[in-house]
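Peer 1: Sending over a structure as structure tokens; questions will come in a sec.
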Amino acid sequence: MPTLKLQPTFAMLSINTALKNKIMKTIEKIKITLVLAISILFAKNSQAQDTQTAKNYDQGFRLGIGLNAGYAFQNPYKLALGADARLQYDLSKRYSFTLTTGFTNLFVNKIDGSDLVFIPAKAGFKAFIWNDQFYVMGEAGAAFAVTNDYHKTSLLLAPSIGYASKYIDISLRYEHYNDFVRLNNDGSQGKGFGQLGVRLAYGFNL
């Protein structure tokens, strides 16, 4: 009766295989649980670090005092000189809102009339794009002419690029005045012109 003696062996093997499968499934579940737990802990730790970094950054205001020089591209204007004050609110290390005002003198030849002097009022948004020092900025606002015989108000648009450290801010911008008068090549009057300008400023926290 050899076949009868082998039946308990097959039964034992079947039980052992089932037990092993159950153990393997339990081990897999434990592994998955551990991976999920580690992932959750890592995510919570990263979130805590990001939150702590945001809390540690001191949001606040800065004030910058700047000197400007530029060159206008349309007649009768040539050289531009001015000064400004800029209030900046830092939302984070990379993004800031700005408000800028001051005065600008656009020089013209005496035979073409008086210089154009105006007061700009601009709101802007600054974004640092490299190393928390190099930035791009866009500004929009109005330019209020205060020349004796000219009191026009013009839309003002000014994109710029620049570099800023803790105290120094250097930028290059194109500033366009949409409504100020200009001289065309044929001697007639037109509207709108721009200047390419450089700004050097000293800034500090308030």
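Peer 1: For ASP115, indicate whether it is within 24 Å of PHE204 (Cβ to Cβ) and either of a type in the set (A, V, I, L, M, F, W, C) or touching a Ser or Thr at 6+ places or on another chain (Cβ under 9 Å) (or both).
Peer 2: Here the answer is no, as ASP115 does not meet what is asked.
Peer 1: Checking LEU116 against (1) within 24 Å of PHE144 (Cβ to Cβ); (2) open to solvent by 40 Å² or more (accessible area, probe 1.4 Å), only one condition comes out false. Which one?
Peer 2: Failing condition for LEU116: (2).
Peer 1: Being of a type in the set (S, T, N, Q) and outside any strand (DSSP E or B) is the filter; apply it to segment 68-125 and report the residue that is farthest from GLU139 (Cα to Cα).
Peer 2: ASN109
Peer 1: It is to be established whether one or more residues within segment 145-164 are open to solvent by 70 Å² or more (accessible area, probe 1.4 Å), over 20 Å from ALA69 (Cβ atoms) and among the aromatic types (Phe, Trp, Tyr).
Peer 2: Within segment 145-164, not a single residue is open to solvent by 70 Å² or more (accessible area, probe 1.4 Å), over 20 Å from ALA69 (Cβ atoms) and among the aromatic types (Phe, Trp, Tyr).
Peer 1: If you don't mind, there's one more thing I want to ask. For the subset of segment 129-160 comprising residues that are among the aromatic types (Phe, Trp, Tyr) and either in a loop (DSSP other than H, G, I, E, B) or modelled with pLDDT of 95 or more (or both), which member is farthest from LEU200 (Cα to Cα)?
Peer 2: PHE144
Peer 1: Now a separate question. Which of (1) assigned to a strand (DSSP E or B); (2) open to solvent by 80 Å² or more (accessible area, probe 1.4 Å); (3) at pLDDT below 95 is the odd one out, the single condition LYS44 does not satisfy?
Peer 2: (1)
Peer 1: A further question on this structure: Can you spot a residue in segment 170-188 that is touching a residue at least 12 places away in the same chain (Cβ under 8 Å), hydrophobic (A, V, I, L, M, F, W, C), open to solvent by 60 Å² or more (accessible area, probe 1.4 Å) and over 15 Å from ASN68 (Cβ atoms)?
Peer 2: Looking for residues that are touching a residue at least 12 places away in the same chain (Cβ under 8 Å), hydrophobic (A, V, I, L, M, F, W, C), open to solvent by 60 Å² or more (accessible area, probe 1.4 Å) and over 15 Å from ASN68 (Cβ atoms), one finds none in segment 170-188, hence no.
The values are calculated or read from the model by the stated rules, or taken from the named source; none is laboratory data. Just so it is clear, the model here is predicted, and its values are computed rather than measured. Note that each Cβ is placed from the backbone with ideal geometry, even for glycine, and that neighbours are counted across all protein chains shown. Just the protein is used for accessible areas: all its heavy atoms, side chains included, with ligands, DNA and RNA removed. Shrake-Rupley method; radii C 1.70, N 1.55, O 1.52, S 1.80 Å.
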